[in-house]
1. Is one or more of the residues making up the stretch 115-131 surrounded by 16 or more Cβ atoms within 10 Å (Cβ to Cβ), under 18 Å from the mean Cα position of the chain (by Cα), outside any strand (DSSP E or B) and at negative phi?
2. Looking only at the stretch 195-215, how many residues end up being away from the ligand (no atom under 15 Å from the Cβ), under 19 Å from Pro19 (Cα atoms) and open to solvent by 10 Å² or more (accessible area, probe 1.4 Å)?
3. Let me spell it out: the conditions are (1) crowded, with 18+ Cβ neighbours inside 10 Å; (2) at pLDDT 95 or above; (3) hydrophobic (A, V, I, L, M, F, W, C), and Val275 meets all of them except one. Which number is the exception?
4. Show the residue pairs meeting these rules: Cβ distance below 6 Å; 6+ apart or different chains; first residue within the stretch 26-38 and touching a residue at least 24 places away in the same chain (Cβ under 8 Å) and within 16 Å of the ligand (Cβ to nearest atom); second residue among the aliphatic types (A, V, I, L, M) and outside any strand (DSSP E or B).
5. Collect the residues in the stretch 246-268 that are open to solvent by 10 Å² or more (accessible area, probe 1.4 Å) and not hydrophobic (A, V, I, L, M, F, W, C), keeping them in residue-number order.
6. Looking at (1) within 26 Å of Val275 (Cβ to Cβ); (2) open to solvent by less than 10 Å² (accessible area, probe 1.4 Å), can you tell me which one Glu170 breaks?
7. For a quick check of your reading of the model, give me the residue pairs whose first member lies in the stretch 192-220 and is under 22 Å from Thr145 (Cα atoms), whose second is within 12 Å of the ligand (Cβ to nearest atom) and among the basic types (Lys, Arg), with beta-carbon atoms closer than 8 Å and at least 6 apart or on different chains.
8. Residues to consider are Gly35, Gly67, Gly46; find the one that is within 19 Å of the chain's Cα centre (by Cα) and at positive phi.
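The values are calculated or read from the model by the stated rules, or taken from the named source; none is laboratory data. Remember, it's a predicted structure, so these values are computed and weren't measured experimentally. Here the Cβ is made from the backbone with ideal geometry for all residues, glycine too, and neighbour counts use every protein chain on show. Surface accessibility is based on the protein's heavy atoms, side chains included, excluding ligands, DNA and RNA. Shrake-Rupley method; radii C 1.70, N 1.55, O 1.52, S 1.80 Å.
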Amino acid sequence: MDARLEAVVDIPAVLGEGPVWDEREGVLWWLDIPGQALHRFDPATGDDQSQALGQEVGSLVLRQSGGLVLATPDGFVAYDWARGRGDLLASVESDNATTRMNDGKCDRQGRFFAGTMAYDFTPGAGAFYVMDADHNVRKLFGDVTISNGLAWSADDSTLYYIDTMTGSVEAFDFDIAAATLSDRRTVVKISESDGLPDGMCIDTEGYLWVALFNGGAVHRYSPSGALDGVLEIPAQKVTCCAFAGDDLGDLYITTASQDTDDPNAGKLYRCRPGVTGTPVTAYAG
Ligand code: CA
């Protein structure tokens, strides 16, 4: 796959994550989780700014009323970049100091879905939650080890989901009216030699783009789980990917530099894979 991959932010993140395109401001928000920083990349100028968060934030979404919502170790926090501060909307496992929130995304109704994980990766210590527009939080299921990538099919009938330690992309039947999940099944089984599935996004053809941690690649899979393409990344720890830009035709890829002296590790990459992504939905509450 020749997609003109380039590094757009050279300063290495410890573990870059959570890229989200913000069409309102024409910027890409992204996180350095252990670096405890929120980044704002402006593709028009190439300028990347960051703010210290003081905690490990696993993911972010846009908020319809303005600003962002962060998935933090204490729960969901509304965040205002201009003020550089946040306000807790709803607690999630805030009484459990051994876990933090990780990957998350909004469905097309504007609910924020995100899961948790133990800092020490204790098997089954995490869970998967949804915060409705009224800030009420419901636990959808437990027994999660590293809650990671998620993506919805264009008709909202399917939620694709990654718990990294399963080595799989799974799917649920999704009821968007009630925000309920059923019929969990495995769609893609990834061999250990290809790395661990981490972040994920979906394109307008319904194909899944899966970042492979320790795999040095992003894989594209058909909705039925067939490997369709391999986008090689010059860093092994590939963490997440998201479509961005005015035409949603730019794919941004985050990577990690922890535990390696590879000079290509931890950079933010971008390419034009030849397909476009689906628009981001902001949190409704
Ligand atoms: Ca992740």
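1. In the first step, residues of the stretch 115-131 are kept if they are surrounded by 16 or more Cβ atoms within 10 Å (Cβ to Cβ); the result is 115-118, 125-131.
If we keep only those that are under 18 Å from the mean Cα position of the chain (by Cα) as well, we get 115-118, 126-131.
Within this subset, residues satisfying the condition of being outside any strand (DSSP E or B) are none.
No: the stretch 115-131 contains no residue that is surrounded by 16 or more Cβ atoms within 10 Å (Cβ to Cβ), under 18 Å from the mean Cα position of the chain (by Cα), outside any strand (DSSP E or B) and at negative phi.
2. So the answer is 3.
3. Evaluating Val275 over (1) crowded, with 18+ Cβ neighbours inside 10 Å; (2) at pLDDT 95 or above; (3) hydrophobic (A, V, I, L, M, F, W, C) leaves (1) as the failure.
4. Within 6 Å, the pairs are Leu31/Val57; Pro34/Val14; Leu38/Leu53.
5. Here is the first cut: in the stretch 246-268, the residues open to solvent by 10 Å² or more (accessible area, probe 1.4 Å) are 246-248, 250, 257-264, 267.
Matches in the stretch 246-268: Asp246, Asp247, Asp250, Ser257, Gln258, Asp259, Thr260, Asp261, Asp262, Pro263, Asn264, Lys267.
6. Unmet condition: (2).
7. Phe213/Lys237; Asn214/Lys237
8. Working: Gly35 fails: at positive phi; Gly46 fails: within 19 Å of the chain's Cα centre (by Cα).
Among Gly35, Gly67, Gly46, only Gly67 is within 19 Å of the chain's Cα centre (by Cα) and at positive phi.
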